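The values are calculated or read from the model by the stated rules, or taken from the named source; none is laboratory data. Remember, it's a predicted structure, so these values are computed and weren't measured experimentally. With ideal geometry, Cβ positions are generated from the backbone for all residues, glycine too; neighbour counts draw on all protein chains shown.
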Amino acid sequence: MAHKQTYPRTHSSGHKSQVLWSGKNLKPSTLPPLRQAKGHSKSKMKTWSSIQPVQSQTSVEMANLAKNLRGLRRREQAHHGKMQAKVRLMRSMLRNQRTSLQELYSHEGFLSKLNQELVKSIQDMEETMAMNVREMLQQQGILGNVIDILEYSNKKRVQQLRSELQEWKEKEESKINSLQQEVDQLNAEILKAHEEVNFLSTYMDHEYPVRSVQIANHIRQVQQAKDSQQDELDNLKEMREMVLGCFSKMIQEKKKKILRALMVKTQKPYEEILMLKTLDSQRLQRCTVWFRELIQQLKEEIPILVAEVEQMYAEVWNPREVVFKDVLLQRPKCTPDMDVELNIPVQELLPF
């Protein structure tokens, strides 16, 4: 980046030196023709001064000289115009080069700013990348530790599962052996059952019809016996219920008699006391009723008596007021609820 930053300066300085060198090279090319023009004008003046005293030359020579002078003037004018055009071109080129130099300087400043910004952005990117790399390394370390832990736990789990698998295999083998033994036993039982089936097939063909008739007869006899026994059981149930009902009635009557006798025995010593207490309770109930009525009457009379007492208090006079009746004029008291009448004498105006 530093090389790129210094490169435009070297280019601009080289371009500037090239422009100055071209200007220096052009000066000698432009100046000598002007000097030649001045020398030629001096020689022309000398020729005119030499021509004036010599009047004896012929007209042919004069015409030739005039033609030569005209050609020289035309050449000098053309050369002078070319030189002025070259000067103008050089000035315009110098102006253009100056503007281009200014633009190059402005581009140089802009590029330097861009380079600085790029350097800052690259530094920031490098810092962020370094931070990200550090974080990734930390995460990688953490993940490595986690992976190691998981591998260790997985190894333990695999060992545990292998041991469990071995135990399960042993158990399954023992189960398979026991099942094989059961299968062998079942096969033996099946063989026995086949033998019995073969025996029964021969039995069904020969002895089964006779035995089935005998079994049907026995079933009928058993059913008849069951029916007769059921009737007998029903009769026995009815008899039992009747006997139990009679016994329960007798027991209830005996219980009632015993309870009555016990009540009489227990109440005899306390019979008089109970009678007295019942009489007392009846009297107390009557007294309570009478007292309640009396209390109700007294409650009704209390407000009347209170009003009479208040009236009596109002009628009773203070002894001082009775003795000093003339001195202490009795005037009615003014309560907040009473209306007040003002008796103020008014001055009457005389007619005059």
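Which of (1) among the charged types (D, E, K, R); (2) at pLDDT 85 or above; (3) surrounded by 10 or more Cβ atoms within 10 Å (Cβ to Cβ) does GLU300 not meet, given it meets every other one?
(3)
Against the condition hydrophobic (A, V, I, L, M, F, W, C) and surrounded by 11 or more Cβ atoms within 10 Å (Cβ to Cβ), how does LEU186 come out, does it pass?
For LEU186, the condition - hydrophobic (A, V, I, L, M, F, W, C) and surrounded by 11 or more Cβ atoms within 10 Å (Cβ to Cβ) - is met.
For the range 79-92, what are the residues that are among the hydrophobic types (A, V, I, L, M, F, W, C) and touching a residue at least 12 places away in the same chain (Cβ under 8 Å)?
Of everything in the range 79-92, those that are among the hydrophobic types (A, V, I, L, M, F, W, C) and touching a residue at least 12 places away in the same chain (Cβ under 8 Å) turn out to be MET83, VAL87, MET90.
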